[in-house]
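A.B. asks: Below is a structure I'd like to ask you about.
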Amino acid sequence: MDTAEGRRAVAAARAAAVSCGLAVRDAVVLHDSNKLTLRLLPCDVLARVAPEAQQVARFEVELAGRLAASVCPVAVPDPRVGPRVLERDGFVVTLWTYHAPVAPGQVAPADYARALERLHGGMRTLDVAVPHFTDRVAQAQRLVADRDRTPALADADRTLLAGTLRDLRRTIVGHGGAEQLLHGEPHPGNLLATGDGPLFVDLETCCRGPVAFDVAHAPEEVGAHYGGLDQGLLRACRTLVLAMVTAWRWDRDDQYPDGHRLAREWLERIRDARRN
């Protein structure tokens, strides 16, 4: 968010928490992108704030509750507030249990895989209307095809990304394996190391597809600990996910730090993967 919008978002989060009877004297920004994540003190609650037009907050809090009821490793709304969606000054605010990090570094690959398997086990039991993973691939395809939105993307790189997204989408769909509800982006940034074990956050990206699509977002070592995966399908999903993320970095409105440098590195990895 820009500075002015960020100030308004912080004020909206504080006001929402106070309206729920929570004490707020300070707000610490933990993450700032299209959605603002704050730690509110001294009530010690995690606030997520998004513009009304960009939010799927009701879906997220309700799904978190259903998954937690199935003993899935997910973060849940703060019990003092519950699964409420609060609207303030054009923003939607949800208030979540804050988990202080328990250790530096990433979650161990075996623990990561077990947590993801438990999440998938719970998700398998739910009937939830979500997009198919190919809908998200199609978003990346449209971005790559739109020169106005990706003006800095070179022609050869545009051709590489377009071909990779097209071919691997067909390969994965043609594989014909089982599909289910997925997290959508269970990468390390969406996994918390807590005193209650690893917990997944940010359920707004949920989609339907093969579990390999989810595992492809995790570090490579995690795939070796996740049982029953088709390794060829996982490799295809890894390259597809990398192509999608690379496409998003070329969006003229993308604010990811050092995005173009990373995207160039990822393009070389995609070229290597396509050659092998």
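A.B. asks: What is the stretch 3-97's relative contact order, in percent, from Cα pairs under 8 angstrom and six or more apart in sequence?
C.D. replies: Once divided by the residue count of the stretch 3-97, the mean separation gives 28 percent.
A.B. asks: Taking θ as phi - 60°, what are the ³J(HN,Hα) couplings along the stretch 156-163 by the Karplus curve (6.51, -1.76, 1.60), each to the nearest whole Hz, with x for Gly and Pro?
C.D. replies: 5, 6, 4, 5, 4, 5, 4, x
A.B. asks: Please check which bits of the stretch 7-29 a label hung off Arg80 would reach, taking the label as a point 7 Å along Cα-to-C-beta and the cut-off as backbone N under 19 Å.
C.D. replies: 10-29
A.B. asks: For a quick size check, give me the Cα extents of the stretch 3-97 along its three principal axes, largest first, whole Å.
C.D. replies: Here the spans come out as 40, 29, 21 Å, largest first.
A.B. asks: Just to check, using Stokes-Einstein with a Kirkwood Rh over alpha carbon pairs, what's the diffusion coefficient of the stretch 234-276 at 10 °C and 1.306 mPa s in µm²/s?
C.D. replies: Translational diffusion coefficient: 149 µm²/s.
A.B. asks: Per residue, how big is the convex hull around the C-alpha atoms of the chain? Give it to me in cubic angstrom, could you?
C.D. replies: Cα-based convex hull of the chain, divided per residue, equals 135 Å³.
A.B. asks: Thr159 versus Arg274, label points 7 Å from Cα toward the beta carbon: distance in nm?
C.D. replies: Result: 0.9 nm between the two label points.
A.B. asks: With every protein chain kept in place and ligands, DNA and RNA left out, what is the accessible area per residue of the stretch 192-276? Probe 1.4 Å, answer in Å².
C.D. replies: I get 47 Å² per residue for this part.
A.B. asks: Given H placed on each backbone N at 1.01 Å, which residues far from His132 in sequence or on other chains put an amide H within less than 5 Å of it?
C.D. replies: When sequence neighbours closer than 5 places are left aside, the close amide H contacts are Arg208.
A.B. asks: Trypsin sites (Lys or Arg not before Pro) within the stretch 1-85: which are DSSP loop residues with at most 15 other Cβ atoms inside 10 Å?
C.D. replies: Of the trypsin sites (Lys or Arg not before Pro), the ones in loops of the stretch 1-85 whose Cβ has at most 15 other Cβ atoms within 10 Å are Arg80.
A.B. asks: Using each residue's phi in the stretch 19-35, evaluate 6.51 cos²θ - 1.76 cosθ + 1.60 at θ = phi - 60° and report the 3J(HN,Hα) Karplus result to the nearest Hz, with x for Gly and Pro.
C.D. replies: Each residue of the stretch 19-35 in turn: 5, 9, x, 8, 8, 10, 10, 8, 9, 10, 6, 9, 7, 9, 9, 6, 10 Hz.
A.B. asks: For the stretch 33-145, which whole-number percentage of the solvent-accessible area (1.4 Å probe, protein heavy atoms only) is attributable to carbon and sulfur atoms?
C.D. replies: That fraction is 52 percent.
A.B. asks: Related question: Taking 0.36 nm per intervening residue step and subtracting the Cα-Cα distance, what contour gain separates Val56 from Asp254 on full extension?
C.D. replies: 69.3 nm is the gain from fully extending Val56 to Asp254.
The values are calculated or read from the model by the stated rules, or taken from the named source; none is laboratory data. Given the structure is predicted, the values throughout are model-derived calculations rather than measurements. Note: ideal-geometry Cβ built from the backbone for every residue, glycine included; neighbour counts use all protein chains shown. The accessibility values were calculated without ligands, DNA or RNA, using every heavy atom of the protein model including side chains. Shrake-Rupley method; radii C 1.70, N 1.55, O 1.52, S 1.80 Å.
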